[in-house]
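Notes follow the structure.
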Amino acid sequence: MNMHSKINTEHLTPARERERPRWRLGAMVAAPVLVAAIAGAALSREEPVQAAPPPPTVTVASPLVRPINEWDSYVGRFEASKSVVVRPRVSGAITAVHFTDGAIVRKGQLLFTLDQRPFTAALAEARAGLISARSDVELASANLDRAQRLVADEAVSKSDIDQLTARLRAANAALAGAEARVRARALDVEFTQVRAPIGGRVSDRKIDPGNLVAGGDTNGTLLTTINALDPIYFTFDGSEALFLKTKRAQAAGTPPSDVEIKLQDESDFRWSGRLDFTDNGLDPRSGTIRGRAVLQNPDFFLTPGMFGNMRLASGGAAKALLVPDAAVQSDQARKTLLTVGQDGTVAARAVQLGPVVDGLRVVRSGIAPTDRVVISGTQMAMPGTKVQVRAGRIAPTREAAAAGSIGANALAGQATFAAR
């Protein structure tokens, strides 16, 4: 035998080893698995099964039902109810100024005085002409009376009577002209005293004493201006939607007229008035219409040009459903409220909302007064799941009322609780 040849060792393996059954090998592998399963079952019997957690608890309440007044919001400015540009009626030299710049003046108060001497001289001349015209009338009347007495004796012809009658008429006409000249010269003297045509706040003087001024209408010298402040106007521009809403209310018999205004530094609407004018057409470029309200201003606090936020009552008081504004949820373009049924199931209701009143949101549609609305714990309530409920209460919170600026094109600007 070659010593490098492979040695066959198969005949050296015992026959019992080669003939060992394969089922014993499978049993050896499955035994540890079975032991682990039995141990797991024993451990599971020792630990109790954990119970399911209870449903979450949320606070629910029925919507608050209260009468409210709704207002439409506008932005505008105050204007003088009357404004006059003071100019002299006659030309001359300013001799005195009788007011303090920015003072409150009354109607008819003396403001400026012009030099009266040229006008008093012209008035004296006109009066002298009036005396001469009256004497001419008296002479013509006497001549006519004498001639008429001689007509019966045929001492005066009819043509002489006609001539004397014509002279009397001419004398009377000259007398009327002389009287008119006297009145005109008297007016010139009166116009040398420039008086306030209206009451209100006067501006500063534009001309000092000693200056010559030109009389006339629009070409006359500007002396000062006066603005009437009591009452005062508030003008604003409203959108076409608000104009249509107002017209619908007028057709229904409840035309809005009461307005409330707050100034730029005020948190409450403390100024009240009434709507007294709307323009006769909409501006085609902006789609708005001009309106005006009138307010009493006895202390002259409101000033033309001042900015203000106005709200216009859009009708009488009406009952509304109110919920906390924090309870409203947004579902893309929809607004929803979570309600809980009698069986504790949560459901989402799509709602239409109105303005906020002291922290409470007006709900126009989508829920009923008897619904139980989730007002607290909305993050734990999922539509379709069960919850436990806790009774709550909805109440207005005055400090939660928003005091932001009012948009001119907001269809539902604000609302307030109506007086009970």
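The values are calculated or read from the model by the stated rules, or taken from the named source; none is laboratory data. Everything quoted here is computed from the prediction, not taken from an experiment. Positions of Cβ are backbone-derived with ideal geometry, glycine not excepted, and every protein chain shown enters the neighbour counts. Surface accessibility is based on the protein's heavy atoms, side chains included, excluding ligands, DNA and RNA. Shrake-Rupley method; radii C 1.70, N 1.55, O 1.52, S 1.80 Å.
Quick notes on this one:
- Test result for ALA317, under 29 Å from the mean Cα position of the chain (by Cα) and surrounded by fewer than 18 Cβ atoms within 10 Å (Cβ to Cβ): yes
- Of all residues in the range 95-141, those being in a loop (DSSP other than H, G, I, E, B) and out of contact with any Pro (no Cβ under 8 Å at 6 or more places or on another chain) number 11.
Matching residues to (1) surrounded by fewer than 17 Cβ atoms within 10 Å (Cβ to Cβ); (2) under 26 Å from LYS82 (Cα atoms); (3) of a type in the set (Asp, Glu):
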position	(1), (2), (3)
LYS247	yes, no, no
SER257	yes, yes, no
LYS262	no, yes, no
SER267	yes, no, no
SER272	yes, yes, no
ASN280	yes, yes, no
ARG290	yes, yes, no
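- Sole exception among (1) open to solvent by 50 Å² or more (accessible area, probe 1.4 Å); (2) of a type in the set (D, E, K, R); (3) more than 45 Å from the chain's Cα centre (by Cα) for ASP115, by number: (1)
- The one condition in (1) among the hydroxyl-bearing types (Ser, Thr, Tyr); (2) in a loop (DSSP other than H, G, I, E, B); (3) crowded, with 16+ Cβ neighbours inside 10 Å that THR303 fails to fulfil: (3)
- The range 142-164: number of residues that are open to solvent by less than 40 Å² (accessible area, probe 1.4 Å) and either part of a helix (DSSP H, G or I) or under 30 Å from ARG117 (Cβ atoms) (or both): 5
- Checking LEU322, LEU312 one by one, the residue that is at pLDDT 90 or above, in a strand (DSSP E or B) and among the hydrophobic types (A, V, I, L, M, F, W, C) is LEU322 and no other.
- Residue match in the range 342-349 (condition: open to solvent by 50 Å² or more (accessible area, probe 1.4 Å) and aliphatic (A, V, I, L, M)): yes
- The test for being loosely packed, with under 13 Cβ neighbours inside 10 Å, in a helix (DSSP H, G or I) and at pLDDT 95 or above holds for ALA180.
- Test result for LEU353, aliphatic (A, V, I, L, M), open to solvent by less than 10 Å² (accessible area, probe 1.4 Å) and part of a strand (DSSP E or B): no
- Taking the listed residues GLY210, GLY220, the one that is open to solvent by less than 30 Å² (accessible area, probe 1.4 Å) and farther than 30 Å from GLU260 by Cβ is GLY220, with no other qualifying.
- Some residue of the range 360-377 being in contact with a Lys or Arg (Cβ under 6 Å, 6 or more places away or on another chain), in a strand (DSSP E or B) and surrounded by fewer than 18 Cβ atoms within 10 Å (Cβ to Cβ): no
- If you go through the range 128-149 and keep only what is farther than 19 Å from ALA186 by Cα, touching a residue at least 24 places away in the same chain (Cβ under 8 Å) and out of contact with any helix residue (DSSP H, G or I) (no Cβ under 7 Å at 6 or more places or on another chain), you end up with just LEU139.
- Matching option when the condition is open to solvent by less than 30 Å² (accessible area, probe 1.4 Å), over 23 Å from LEU212 (Cβ atoms) and in contact with a strand residue (DSSP E or B) (Cβ under 9 Å, 6 or more places away or on another chain), among VAL86, VAL137, VAL90, VAL105: VAL105
- Residue check, PRO53 farther than 25 Å from ASN219 by Cβ, at pLDDT below 95 and loosely packed, with under 14 Cβ neighbours inside 10 Å: yes
- Yes/no for ALA174 being touching an Asp or Glu at 6+ places or on another chain (Cβ under 9 Å), of a type in the set (A, V, I, L, M), open to solvent by 30 Å² or more (accessible area, probe 1.4 Å) and part of a helix (DSSP H, G or I): yes
- Every pair of residues 6+ apart whose Cβ atoms lie under 8 Å, when the first sits in the range 72-98 and is farther than 30 Å from THR120 by Cα and among the basic types (Lys, Arg) while the second is open to solvent by 30 Å² or more (accessible area, probe 1.4 Å) and outside any loop (DSSP other than H, G, I, E, B): ARG77/PHE307; LYS82/ASN227
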